[in-house]
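Here, each number is a calculation from the coordinates, and none is a lab measurement. As the structure is a prediction and not an experimental result, all values here were calculated from the model. As a convention, Cβ positions derive from the backbone with ideal geometry for all residues, glycine included, and neighbour counts pool all protein chains shown.
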Amino acid sequence: MISLVVPVHNEEPVLSLLLDRIRSASQAWGEDHELVFVDDGSTDRSLAILMDAAERDSRIRVIKLSRNFGHQAAITAGIQLATGDAVVTLDADLQDPPEEIPRLLEKWREGYQVVYGIRTGREESLPKRAAYAMFYRALHSISDVEIPLDSGDFCLLDRKVVDALNVLPERVRFVRGLRAYVGFKQTGVAYKRAARAAGTPSYTFRGLIELAIDGLFGFSMVPLRLASYLGFVIAIPSFLAGLYFIIHRLFNFPVFGHRATETPGLAALAVGLFFLGGLILIILGIIGEYLGRIYIEVKHRPPYIVDFVHSAGNRPDSATR
Ligand code: UDP
Ligand code: MG
């Protein structure tokens, strides 16, 4: 049996189309399936539509989170509550076409335990595409684990991988990074990422930046090391310059026609001071970023809270984790 995990945040305009597309695509899967919808604190009619669908189809389960916890937390909830032998995560807006799932299944049957989609094209604006391209390349070059280029959350996970992910204790979940971290036999399948079928994206520009920061800081210590590198780059030339000025002053020989006493150097001093001040603030910010992450992790708050789980024949019950 395979589980489809779909995080949903205010997707009312697209849900019936999504259910139709999944229903017709599922004919090609050759496996039993369950649909796990995670309602991530929607404020529109998404939850009602999903509950209604669950009443009519016993394969549908709806997990309502107690508020909006964010895309990655919603996926985490879905993965933790899915029961399939393989779990496929996909976005509700049909950017990850359900018609591609047979290709993921094929690789799974060949023995791969993680099959992720690699986006060969995106139907999105040029600046957004450029930003994505830059982010994935930066992440690729500095992260401790091998996070494949242009792979998003659309993927198939074998039960073993799901179990491994579920015991990872961290609260900040950058799912595609954790997926790379757990290892196992992984492969990619190229697909074209469609434009959103209907509705508007929930991710704001800020949300995307935060996701990018979670990826960069959650999977790399390179930014921390940057402080030492910069320190050396600035300190060594400064030291040499200092030596030079001392000798200049002591022996008072003319340099470029100036003697030491005639060189006030105020501007150089001020510029140097501000430059260093700025650098120190940036480095402090980077240290703060890691400190904040430590703070979040030590609080041990759950990444999400479940209000109820609903499926046909199952009265809504409350559960928290
Ligand atoms: N989503 C979510 N919680 C959020 C934001 C988004 O569950 O706080 C879901 C959303 O319903 C969709 C998926 O995550 O299924 C991707 O969101 P979106 O399409 O807004 O992001 P983008 O495609 O721009 O990355
Ligand atoms: Mg989308």
Exercise for the section: Would you mind stating whether Phe174 is of a type in the set (Phe, Trp, Tyr), surrounded by 19 or more Cβ atoms within 10 Å (Cβ to Cβ) and away from ligand 2 (no atom under 16 Å from the Cβ)? Expected result: yes
Completion exercise
Restricting attention to region 79-119, the residues that are within 16 Å of ligand 2 (Cβ to nearest atom) and at positive phi number exactly 1
Problem - The listed residue being under 18 Å from Met1 (Cα atoms) and more than 23 Å from the chain's Cα centre (by Cα), out of Glu55, Glu34 - result: Glu34
Fill in the blank from the handout: Within region 65-100, the count of residues that are within 16 Å of ligand 1 (Cβ to nearest atom) and in a helix (DSSP H, G or I) comes to 13
Exercise for the section: Scan region 193-204 and report the pairs whose first residue is aromatic (Phe, Trp, Tyr) and whose second residue is within 9 Å of ligand 1 (Cβ to nearest atom), with Cβ atoms within less than 8 Å and a gap of 6+ or a chain change. Expected result: Tyr203/His71; Tyr203/Leu211
Exercise for the section: Test Arg103 against the stated conditions and say whether it is in contact (Cβ under 8 Å) with a residue 12 or more places away in the chain and among the basic types (Lys, Arg). Expected result: yes
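Would you tally the residues in region 177-203 being closer than 23 Å to Arg301 by Cβ and out of contact with any helix residue (DSSP H, G or I) (no Cβ under 8 Å at 6 or more places or on another chain)?
The number of residues fulfilling the criteria is 1.
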Fill in the blank from the handout: The residue that is surrounded by the most Cβ atoms within 10 Å (Cβ to Cβ), considering only those in region 16-36 that are under 16 Å from Thr89 (Cα atoms), of a type outside the set (D, E, K, R) and more than 10 Å from ligand 1 (Cβ to nearest atom), is Val36
Practice task
Take region 1-60 and flag every residue that is acidic (Asp, Glu), touching a Lys or Arg at 6+ places or on another chain (Cβ under 8 Å) and either farther than 19 Å from Arg159 by Cβ or within 16 Å of ligand 2 (Cβ to nearest atom) (or both).
Solution key: Glu12, Asp39
Problem - Condition check for Thr76: more than 16 Å from ligand 2 (Cβ to nearest atom), of a type in the set (Val, Ile, Thr) and without any contact (Cβ under 8 Å) to a residue 40 or more places away in the chain - result: no
